[in-house]
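Chemist: Dumping the structure here so I can ask a few things about it.
Please treat every number below as a calculation from the coordinates, not as lab data. Remember, predicted model here, so these are calculated numbers, not experimental data. Cβ atoms come from the backbone with ideal geometry, glycine included; neighbour counts cover every protein chain shown.
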Amino acid sequence: MTPVYVDEQIIVINKTAGQAVQSARPGDETVTAMLEKEYGKIGIVHRLDSPVSGLIVFARTKKAAAGLSRQFSEHLVRKRYLCAVDSAPPSEEGVLKNFMRIPPGTGVNKVYIAEEGGKNTREAVLEYKTVYRTEKYYILMIELKTGRKHQIRAQLAAAGCHIKGDVKYGARRGNPGGGIHLHAWSLEFAHPATGKKMSFTAPLPDDPIWNAAAAGGALSADTD
C-alpha cells in the first residue's frame, strides 16, 4: 500500500494485490487498519477485492464521506482498470451488459451471471478496449458504468475471458501470492469539499506482463 494523495478530507492510496481493504475479524492488518493507525478514523466509500491492485479513495470526514458516496451512487466517479485475460474478447472494443445475481447476506465470495429479472439480480455494464497483446494474454482497458461486486471478474469470465490468476472465476491457475492481473489504474472524481476535479493514475505492478504492456504503449491508448 502506497499513499498517493492526502489532505484533510480524503486519502487516495495505491493498494497492493493481496491486501484486504477491511475484515470482519478484529485485529487483521487490513488497509483500513493501517491507514487508521496513521491518520485516525476513516470512511470507506468503495472497495477493491483483496486480489486486485490499484487506486482507492477514503474519506477523512463525514462531509467527505457523504460527498464521495453520492458521487459513487450517481455514477459520477470515473473508474478505469487494466487487466490481462487469457482469450480475445468478442471484439476489439465494446460493451458488456449482464444481469448479476448476488446472493443475499454478508460474506458473499462469488457472484453469478443471471437471467434478467431474476431474484437478487442487478444490471452490470462495462466498456472495454483491447490495448495490447502479449504472446499469451490480451490486455484490456475497462471502464465501469456500474459498480457491482466482482463485476469485471464475473462479466469477463462469462464472455470467455478469464483474468490471469483468477481461479475463482475460471482461470486455469493462480498467481504467486494470490493476486490477480486486475489493476484499478485510473480514478477521477470531484473533491468533496472544493469541487475541484481530482484525477489519479496508479503505476502498474512490477510484473513481466504488466511491464510488457507498459513498454508496448498500453497506457497511452485513448486515456482522454
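Chemist: Charges at C-beta only: +1 for Lys and Arg, -1 for Asp and Glu. How large is the resulting dipole of region 123-162 about its Cα centre, in Debye rounded to 20?
Modeler: 100 debye
Chemist: Given V6, P104, G18, which one lies farthest toward the positive end of the charge dipole of the chain, if we put +1 on the Cβ of every Lys and Arg and -1 on the Cβ of every Asp and Glu?
Modeler: P104
Chemist: Greater than 19 Å separation of Cα atoms is the criterion. Which listed pairs, K41/K63; K79/K149; K41/K110; K15/K97, meet it?
Modeler: Correct reply: K41/K110; K15/K97.
Chemist: Nothing charged except the Cβ atoms of Lys and Arg (+1) and of Asp and Glu (-1): what's the magnitude of the dipole of the chain about its Cα centre? Round to the nearest 20 debye.
Modeler: That gives the chain a dipole magnitude of about 640 debye.
Chemist: Report the net charge of residues surrounding A124, where surrounding means a beta-carbon distance below 9 angstrom and charges are Lys +1, Arg +1, Asp -1, Glu -1.
Modeler: +3
Chemist: Which FRET efficiency value, to the nearest 0.05, is calculated for K41 and Y5 with the Förster distance at 22 angstrom and r the Cβ-Cβ distance?
Modeler: 0.75
Chemist: Next question, about the same structure. If each residue's Cβ is checked for other Cβ atoms within 10 Å, how do D166, D7 rank with the fewest at the top?
Modeler: D7, D166
Chemist: Divide by every residue of the chain the summed helix terms, -39500 (n - 2.57) for each DSSP H run of at least 4, and state the resulting mean residue ellipticity at 222 nm, rounded to the nearest 500 deg cm²/dmol.
Modeler: Calculated mean residue ellipticity at 222 nm is -4500 deg cm²/dmol.
Chemist: Arrange R78, R172, R153, R60 by Cβ neighbour counts within 10 Å, fewest through most, would you?
Modeler: Ordered from fewest to most neighbouring Cβ atoms within 10 Å, R78, R172, R153, R60 come out as R172, R78, R60, R153.
Chemist: Of the chain, which part is the longest with no GluC sites (Glu not before Pro) in a loop (DSSP not H, G, I, E, B) and with at most 13 other C-beta atoms within 10 angstrom?
Modeler: Excluding the exposed sites themselves, the longest stretch runs over 136-224.
Chemist: Which trypsin sites (Lys or Arg not before Pro) in region 80-139 sit in a loop by DSSP (not H, G, I, E or B) and have at most 15 other Cβ atoms within 10 Å of their own Cβ?
Modeler: K110, K119, K136
Chemist: Let's test this: bin the Cα-Cα distances of the chain at 5 Å from zero up to the farthest pair and state each bin's percent.
Modeler: P(r) for the chain, in whole percents per bin: 1, 6, 14, 18, 20, 17, 13, 7, 2, 0.
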